[in-house]
């Protein structure tokens, strides 16, 4: 007698019940106009009111993605209308992956300045993280076959129109609902535009190695880094085909996950190094948590000297912290060593043919 085939698991109903965030017309327009509080706009109040009326129509109609095109071949539903923003982001990620996989192209290391401090904003002074990034870059650029690229997250606080919007936690509803790259933004109806992540995803994908330099902010990595970190969830198990879920159709996404979702690891095999620096406390815990996060995404540690947590000017005045770094030549040398170890790891990765595939699929993916 043949074995019976188990029926597919039932798809749970989405849970509802949170209060609506929808604004009334007067509140929406007041918020819209608040962007133009400068008296220089006074002569344009009628034009601003007309813009507010148009923006209200987009908001109340829910026009998240007003510009779309048919997905085309290679997608589960070629006729599904994809947002042009996602189409361009998808193309950029694919091009970055091709660059990463091209054995004739230079190796690339992404160096991330995670501090929000900048001389161009209220602090009036560069960050120590930026100085450590420059030390690492000098090491990386000494190797002809490697190119360094800097991602300066302080620009979230210093550059006009530069934003990383918060993760909406689609993955927690169903893995397949989290698209790679993220399709949650931009949302034109809510004014959630200028999302930097569509530029950041290709930077991670191109990289063969990633070196993160972050301060400790209240026992955690910096807030700009955490925004980026959360939005990278789609790089670890995210769905590269939004047409398979007809956009954000929860029931379809739940069914896909329950049908044995493969959890594609889009950043697997890249090497990483970490430099975490604090003033008083928390550095070791932040370094460990970031290392655990990267390893969980199947990135590989560059080596035992490539993950450091240190204090600069321990319990000394903040006003003299740069002077403390001037005198702390040991941490400067440790950053150089971390960069050197990462360089060796990415070169070895190319020579060895890349990451070693696991012998079998883990019983629990994520």
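The values are calculated or read from the model by the stated rules, or taken from the named source; none is laboratory data. Keep in mind it's a predicted model, so treat the numbers as computed, not measured. We place every Cβ from the backbone using ideal geometry, glycine too, and count neighbours over all the protein chains shown.
I need a count of the residues in the stretch 230-243 that are part of a helix (DSSP H, G or I) and surrounded by 18 or more Cβ atoms within 10 Å (Cβ to Cβ). Counting residues in the stretch 230-243 that are part of a helix (DSSP H, G or I) and surrounded by 18 or more Cβ atoms within 10 Å (Cβ to Cβ) gives 7. The single condition among (1) on the phi < 0 side of the Ramachandran plot; (2) surrounded by 21 or more Cβ atoms within 10 Å (Cβ to Cβ); (3) touching a helix residue (DSSP H, G or I) at 6+ places or on another chain (Cβ under 8 Å) that residue 222 does not meet is (3).
If you go through the stretch 290-316 one residue at a time, how many are surrounded by 15 or more Cβ atoms within 10 Å (Cβ to Cβ) and in a helix (DSSP H, G or I)? Count: 4. Just one of the listed residues (34, 20) is part of a loop (DSSP other than H, G, I, E, B) and either out of contact with any strand residue (DSSP E or B) (no Cβ under 9 Å at 6 or more places or on another chain) or under 21 Å from residue 247 (Cα atoms) (or both), namely 20. Whenever a residue of the stretch 8-30 is on the phi < 0 side of the Ramachandran plot and in contact (Cβ under 8 Å) with a residue 60 or more places away in the chain, its partners that are in a loop (DSSP other than H, G, I, E, B) and surrounded by 10 or more Cβ atoms within 10 Å (Cβ to Cβ), lying with C-beta atoms within less than 9 angstrom and at least six residues away or across chains, give the pairs 8/259; 9/259. Checking 136, 89 one by one, the residue that is closer than 28 Å to residue 258 by Cβ, in contact with a helix residue (DSSP H, G or I) (Cβ under 7 Å, 6 or more places away or on another chain) and not in a loop (DSSP other than H, G, I, E, B) is 89 and no other. Restricting the stretch 154-171 to residues that are touching a residue at least 60 places away in the same chain (Cβ under 8 Å) and not in a loop (DSSP other than H, G, I, E, B), the residue that is surrounded by the most Cβ atoms within 10 Å (Cβ to Cβ) is 170. Within the set 319, 255, the sole residue that is buried (at least 17 other Cβ atoms within 10 Å of the Cβ) and either over 30 Å from residue 105 (Cβ atoms) or touching a strand residue (DSSP E or B) at 6+ places or on another chain (Cβ under 7 Å) (or both) turns out to be 255.
Checked against (1) surrounded by 11 or more Cβ atoms within 10 Å (Cβ to Cβ); (2) touching a residue at least 24 places away in the same chain (Cβ under 8 Å); (3) under 17 Å from residue 32 (Cβ atoms), residue 71 meets all criteria but (3).
Out of 151, 82, one residue alone is modelled with pLDDT of 95 or more, in contact with a helix residue (DSSP H, G or I) (Cβ under 7 Å, 6 or more places away or on another chain), assigned to a strand (DSSP E or B) and under 20 Å from residue 302 (Cα atoms). It is 151.
If only residues of the stretch 197-219 that are out of contact with any strand residue (DSSP E or B) (no Cβ under 7 Å at 6 or more places or on another chain) and over 13 Å from residue 283 (Cα atoms) are counted, the one that is surrounded by the most Cβ atoms within 10 Å (Cβ to Cβ) is 201. Screening the stretch 349-360 for residues that are under 26 Å from the mean Cα position of the chain (by Cα) and at negative phi and picking the one that is modelled with the lowest pLDDT gives 356. For the stretch 335-355, a tally of residues being surrounded by fewer than 18 Cβ atoms within 10 Å (Cβ to Cβ) and under 21 Å from residue 149 (Cα atoms) returns 7.
Conditions tested, residue by residue: (1) assigned to a helix (DSSP H, G or I); (2) at negative phi.
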residue	(1), (2)
53	yes, yes
60	yes, yes
69	no, yes
74	no, no
77	no, yes
